[in-house]
Amino acid sequence: MSIPTEPIGSLPRPHALQLAFTEHAAGRLDDAELARVQGEAVADTLARLEKLGSPVLVDGDQGKPSSLTYPLTGLAANGAVIPFADGHTRQLPVLTGGPFRYQVRAETYLRTARTHTDLPIKQAVVAPSALSLLYPADGIDGYSREAFLGDLADEAEAEIRGCLDAGAHRVVLDFTEGRLSLKLDPSGGLLDDFVALNNKVLGRFTEDERARLGVHTDPGADHDSTHSLDADYAGLLPKLFQLTVGNFYLQLAGEPDRERVLQMITEQLPPGTRVFVGVTDPTDPRVETPEEVRDRVLEAARHIPVDQLGTCDDAGFAPFADDTSTSRDTAFAKIDARLRGSELAAQALGL
């Protein structure tokens, strides 16, 4: 395929896995049995993506209860509340003490996935900026915010480096909080802090390593709803493109004015980087046709140089394990449309 195309990360979990998560949380299922069910879900996810002809695979976050808090256990549950447009909310946990350490690193998921396939696998990881929200506003006795951020940067670096060392085709930071920050702080100060923290970590990698790194941003995708679609991309993109990575993955299919966003991308995309634009919308229950996807790719190609263009889904399909708003079959049908539509666009462009 002449236009690179990649999934984002999460996919709906099979019913058996969702049940296993519930039973494990209630203490009725042991760790070994949960791991067995997760392993089956990972194998099925990779096999289905491979059968569709996806050139790059993901494990679908089948081992993660959440794409945000997977590295951590034992946190208090009374953190910040994130409201979604449909009225439902998600509440972040909050850190209660230090030093801050990951209990699980994403390379664990990657190494498990690698046992099932030889094809390229990308690994999604939580951005350090998202985890910075876990530090309580009133502080922690004996553990300053500065000490926490230093530990967080070290842990994030170790996770990314572990994934690169494990052979990840790409390691992509999930930066959904980027657009959300503009709602939390319209001045852009919080976004500046997020970019600075992420770049503190990214700056520890070589230029060749950063070519294998990426950042994904979207306005949220949970229970077919978003948390920040009304936050203007114009406030995000100039600062997003300051992140020192070789690849950007942007929600676009669900954007009300794609042409306007594409023009902003054209004006600001750093040279030598690639932007993967979303051509399917996980929050829309309707499955796009390959022809619709083709037309969206051709629309993007009128603005973005083809040698800097790729395609993706707008977001992961189920960043939280309890999200059943999109069926597994629908998610794979949308991925199939992305793959076929991207190829139709490549043919139309003579690639």
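The ranking of L191, L262 by Cβ neighbour count inside 10 Å, starting from the fewest, reads L262, L191.
The fraction of Cα-Cα pairs per 10 angstrom bin, counted from 0 for the range 196-351, comes to 11, 38, 36, 14, 0 percent, rounded to whole percents.
Taking only the alpha carbons of the range 296-351, we obtain Rg and Dmax values of 13.9, 43 Å in that order. In this structure, the pairs whose alpha-carbon distance is over 30 Å, taken from K200/K334; K64/K183; K122/K239; K51/K200, are K200/K334; K51/K200. Here the residues H24, H227, H216, H88, ranked from fewest to most Cβ neighbours within 10 Å of their Cβ, fall in the order H88, H24, H227, H216. In the range 5-348 the Cα-Cα distances spread across 20 Å bins starting at 0 as 32, 62, 6, 0 percent of all pairs. Between R302 and D322, the contour length at 0.36 nm per residue exceeds the alpha carbon distance by 3.3 nm. Within the chain, which is the longest segment containing none of the trypsin sites (Lys or Arg not before Pro) that sit in a DSSP loop and have at most 16 other Cβ atoms within 10 Å? In the chain, the maximal stretch lacking such sites is 102-203. Placing pseudo-labels 7 Å out from each Cα toward the beta carbon at T22 and L349 gives an inter-label distance of 4.4 nm. Sorted ascending by nearby beta carbons within 10 Å, beginning with the fewest, V279, V126 become V126, V279. Where both partners of a DSSP beta bridge lie in the chain, what percent of those bridges are antiparallel, to the nearest 5? Taking every DSSP beta bridge within the chain, about 20 percent pair in antiparallel fashion.
A simple charge model with +1 on the Cβ of Lys and Arg, -1 on the Cβ of Asp and Glu and nothing else charged puts the dipole of the range 1-99 at about 180 debye relative to its Cα centre.
All of the numbers you see were taken from the coordinates with simple rules; none came from a lab. Everything numeric here is computed off the predicted structure, so don't read it as measured data. Reconstructed Cβ throughout: ideal geometry from the backbone, glycine too, with neighbour counts over all protein chains shown.
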